[in-house]
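A quick write-up on the structure given underneath.
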Amino acid sequence: MHRHQRDFGLDRRVLFLAGIAVVIGGISTVAAFVLLNLIHFFTNLFFFQTLSFADRSPATHALGMAVVVVPVIGGLIVGLMARFGSDKIRGHGIPEAIEAILFGKSKMSAKVALLKPLASGIVIGSGGPFGAEGPIIMTGGAIGSLIAQHFHVSAAERKTLLVAGATAGMTAVFGTPVAAVLLAVELLLFEWRPRSLLPVILACAVAGFARPLLLEPGPLFPLHTDPVGLSALLVCVVAGVLSGALSAAMSVALYWIEDRFHALPLHWMWWPALGAVAVGIGGYFEPRALGVGYDVIADLLNHHLAISAVLALLAVKAIIWVIALGSGTSGGVLAPLLMLGAGLGTAIAYLVPGSDPTLWPLVCMAAVLAGVLGAPLTAAVFALGLTGDFNAFLPLLLATGIAYGFTVLLMRRSIMTEKIARRGLHIYREYSVDPQERMFVEEVMTRDAISIPGSLRLAEIAATYFGATQQHRAFPVCDSHGKLLGMLDRDTLLAQLGRHAGTTPIGDMLASSTSLLAFSTETCQSIARRMAAHHVERLPVVADASSLQLIGIVSRSDLVKPAHTVFHEEHVRERLARR
């Protein structure tokens, strides 16, 4: 038998998943269209008292001091929706999606699919300083999960379809399919396998092609910066460090505020309305801090705002964002972070005369996102997709990498995983090739296995192999030619003694029990899964399926051996070059 040495473990079920993912991509695009129009509708309703889907900024309202009340009304409505509808609509969406993936078998409810976009539309439409990306990730994920629940799929396959819906929704909102796929890899899938990657790619591609049919085509913030030279390298490093520091500060501030809300003697249903008071006050002094703020981001990227206006606007935006999000209301984090990062870049541009002033807002925008999400590739490609500016790709890559390294070294968890950790659940975001997939049974098995002759009688076996000197929990039983007849442990032996006389040969009872075995060419991973599924600790290893010739035993302790190789690779330091 030849070794199974394919690079990837894949079967034709990926075609089945891909077909479903295509449908999910189309539906998630429609969901994104609905969400954006809900935001437009509620913005017009709350700030202009009109029934319209026109895209208008809440900053142009004429409400005067009454604007302070508008976010509070939205917060009250959403608090009631979360209390009596589903508390899963609280928060910014991505942590909730991760929790469903890793700890909820990727099962999400229809309530979330319906209430999340409605709640987010109300919150953002009433002035909430959030983006649409978190809600659409949660909504698209719920759509993918609900569709998957109508098919006979495993939890892992359901996860793939949930992520396909989430990333397709993100693609439809921002027009960034490649960044959405990278978000899946860096933040949602927790694996890199064709079974999961191909359906996600297809869903995002479908959303990307369908987007112009419902939404504006082209980049959301078209930009063209000048090519950079070596002189920009140091500025990129500084921008990355400052962006990483801002990312860490915003994460710490958010959860400090959240802790203050948890300490209040009020039911969490009232928290969004309480946090919205700060939103209303901030919006009164800085109207452009209200809502999604895509127009503000565009002005920052194109260097259209004076530095004094930028600092005032971003200070208010940061304060009302952390307070509102800490209150547990519904809204996304990407758009506010883009604005804050672009503001930091605008300040840097004023301090670096002679450089392209539109470059640094873009660079810092991506770097802050990389630091907060812990996803540098997603952030760099996301900024590229939002602007279509390939001249900025190298500075984007460097700055996002620096910001990512800064936050990884400084912080134990990201803004996304901290919320999950506070619920007592741990997420480890590093992953690599499983060492058990790299080693085969023949490399770890015990070759000189102690076997029981099939001709021995039960009484003899009990005395010889399962007495006071018993060495192993179970033994293979073979005929006179070394052919495997089955495995025998103490429980099986006692059961056979209860049904047969002690003089009955064991081989006559185990002739049909050889289905649970291993081959030397299988990976340790496949054997570990087989042992776990059947609750056994040892498997006989045979040469091939036809002869069933016993060549060894593989046990649970053998499956630990690949870990020794990993330990050596990771911890044993040696100098190989001689002086």
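The values are calculated or read from the model by the stated rules, or taken from the named source; none is laboratory data. Keep in mind that this is a model prediction, so the values were computed, not measured. Cβ atoms come from the backbone with ideal geometry, glycine included; neighbour counts cover every protein chain shown.
If I filter segment 232-255 for residues that are part of a loop (DSSP other than H, G, I, E, B) and either in contact with a Gly (Cβ under 7 Å, 6 or more places away or on another chain) or without any contact (Cβ under 8 Å) to a residue 60 or more places away in the chain (or both), do I get at least one hit?
First, pick out the residues of segment 232-255 that are part of a loop (DSSP other than H, G, I, E, B): none.
No - not one qualifying residue is present in segment 232-255.
Please count how many residues of segment 67-101 are of a type in the set (K, R) and either touching a Gly at 6+ places or on another chain (Cβ under 7 Å) or buried (at least 23 other Cβ atoms within 10 Å of the Cβ) (or both). Explain how you work it out, then say what you get.
Quick first cut of segment 67-101, residues of a type in the set (K, R) only: 83, 88, 90.
Checking the rest, the ones that are also either touching a Gly at 6+ places or on another chain (Cβ under 7 Å) or buried (at least 23 other Cβ atoms within 10 Å of the Cβ) (or both) come to 90.
The number of residues fulfilling the criteria is 1.
For segment 228-256: of the residues being β-branched (V, I, T) and surrounded by fewer than 19 Cβ atoms within 10 Å (Cβ to Cβ), which is nearest to G75 (Cα to Cα)?
So, considering only residues that are β-branched (V, I, T) and surrounded by fewer than 19 Cβ atoms within 10 Å (Cβ to Cβ), the one nearest to G75 (Cα to Cα) is V252.
From the list E437, E442, which residue is out of contact with any helix residue (DSSP H, G or I) (no Cβ under 9 Å at 6 or more places or on another chain), surrounded by fewer than 18 Cβ atoms within 10 Å (Cβ to Cβ) and in a helix (DSSP H, G or I)?
It is E442.
Would it be correct to say that V153 is modelled with pLDDT of 90 or more, surrounded by fewer than 24 Cβ atoms within 10 Å (Cβ to Cβ), within 30 Å of V433 (Cβ to Cβ) and not polar (S, T, N, Q)? Outline the logic, then answer.
Details: modelled with pLDDT of 90 or more: yes; surrounded by fewer than 24 Cβ atoms within 10 Å (Cβ to Cβ): yes; within 30 Å of V433 (Cβ to Cβ): yes; not polar (S, T, N, Q): yes.
Here the answer is yes, as V153 does meet what is asked.
For segment 226-249: of the residues being modelled with pLDDT under 90 and not acidic (D, E), which is nearest to A403 (Cα to Cα)?
Among those that are modelled with pLDDT under 90 and not acidic (D, E), it is A232.
Could you look through segment 467-486, keep only residues that are farther than 15 Å from L548 by Cβ and crowded, with 19+ Cβ neighbours inside 10 Å, and pick out the one that is modelled with the highest pLDDT? Reasoning before the result, please.
Here is the first cut: in segment 467-486, the residues farther than 15 Å from L548 by Cβ are 467-475.
Cutting the leftovers down to crowded, with 19+ Cβ neighbours inside 10 Å gives us 474-475.
Numbers: A474: 87, F475: 91.
The selected residue is F475.
Conditions (1) farther than 15 Å from P435 by Cα; (2) aromatic (F, W, Y); (3) modelled with pLDDT of 85 or more, marked per residue:
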residue	(1), (2), (3)
S515	yes, no, no
A518	yes, no, yes
T523	no, no, yes
A528	no, no, yes
H535	yes, no, yes
L539	yes, no, yes
I551	yes, no, yes
H564	no, no, no
E569	no, no, no
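For the subset of segment 317-355 comprising residues that are at pLDDT 85 or above and among the polar types (S, T, N, Q), which member is farthest from the chain's Cα centre (by Cα)?
T346
Quick check: is even one residue across segment 131-140 within 29 Å of K317 (Cβ to Cβ), over 15 Å from the mean Cα position of the chain (by Cα), buried (at least 24 other Cβ atoms within 10 Å of the Cβ) and charged (D, E, K, R)?
Within segment 131-140, none of the residues are within 29 Å of K317 (Cβ to Cβ), over 15 Å from the mean Cα position of the chain (by Cα), buried (at least 24 other Cβ atoms within 10 Å of the Cβ) and charged (D, E, K, R).
Return yes or no: is T346 closer than 14 Å to L305 by Cβ and crowded, with 24+ Cβ neighbours inside 10 Å?
yes
Take R447 and tell me if it is touching a residue at least 12 places away in the same chain (Cβ under 8 Å) and either closer than 24 Å to I551 by Cα or out of contact with any helix residue (DSSP H, G or I) (no Cβ under 8 Å at 6 or more places or on another chain) (or both).
Details: touching a residue at least 12 places away in the same chain (Cβ under 8 Å): yes; either closer than 24 Å to I551 by Cα or out of contact with any helix residue (DSSP H, G or I) (no Cβ under 8 Å at 6 or more places or on another chain) (or both): yes.
Yes, satisfied.
Hey, which of the strands (runs of 3 or more DSSP E) in segment 470-569, taking only ones fully inside, have at least 3 residues that are touching a residue at least 40 places away in the same chain (Cβ under 8 Å)?
On the way: elements: 474-478, 484-489, 538-542, 550-555.
Result: 474-478, 538-542, 550-555.
Could you pull out the residue among V352, V333 that is out of contact with any Leu (no Cβ under 6 Å at 6 or more places or on another chain) and surrounded by fewer than 24 Cβ atoms within 10 Å (Cβ to Cβ)?
Exactly one residue qualifies, and that residue is V352.
Among (1) assigned to a loop (DSSP other than H, G, I, E, B); (2) in contact with a helix residue (DSSP H, G or I) (Cβ under 7 Å, 6 or more places away or on another chain), where does L266 come up short?
Only one criterion in (1) assigned to a loop (DSSP other than H, G, I, E, B); (2) in contact with a helix residue (DSSP H, G or I) (Cβ under 7 Å, 6 or more places away or on another chain) is unmet by L266, namely (2).
For segment 445-469, which residues satisfy the criterion of being among the hydroxyl-bearing types (S, T, Y) and assigned to a loop (DSSP other than H, G, I, E, B)? Quick ask: steps written out before the conclusion?
First pass over segment 445-469, keeping only residues among the hydroxyl-bearing types (S, T, Y): 446, 451, 455, 464-465, 469.
Those that are among the hydroxyl-bearing types (S, T, Y) and assigned to a loop (DSSP other than H, G, I, E, B): S451, S455, Y465, T469.
Among the numbered criteria (1) within 20 Å of K419 (Cα to Cα); (2) out of contact with any Gly (no Cβ under 9 Å at 6 or more places or on another chain), which one does G121 miss?
(1)
Which condition does V181 not pass, out of (1) free of Cβ contacts under 8 Å to residues at least 40 places away in the same chain; (2) on the phi > 0 side of the Ramachandran plot, if it passes all the others?
Exception for V181: condition (2).
Let's see how each residue does on (1) outside the structural domain of G141 (by TED's automatic domain parsing); (2) farther than 19 Å from A370 by Cα; (3) of a type in the set (S, T, N, Q):
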site: E157; (1), (2), (3): no, yes, no
site: T160; (1), (2), (3): no, yes, yes
site: P177; (1), (2), (3): no, no, no
site: A180; (1), (2), (3): no, no, no
site: V200; (1), (2), (3): no, yes, no
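Can you pull out the residues in segment 9-23 that are in contact with a Pro (Cβ under 8 Å, 6 or more places away or on another chain) and under 16 Å from G144 (Cα atoms)?
Of everything in segment 9-23, those that are in contact with a Pro (Cβ under 8 Å, 6 or more places away or on another chain) and under 16 Å from G144 (Cα atoms) turn out to be V14, L17, A18, I20, A21.
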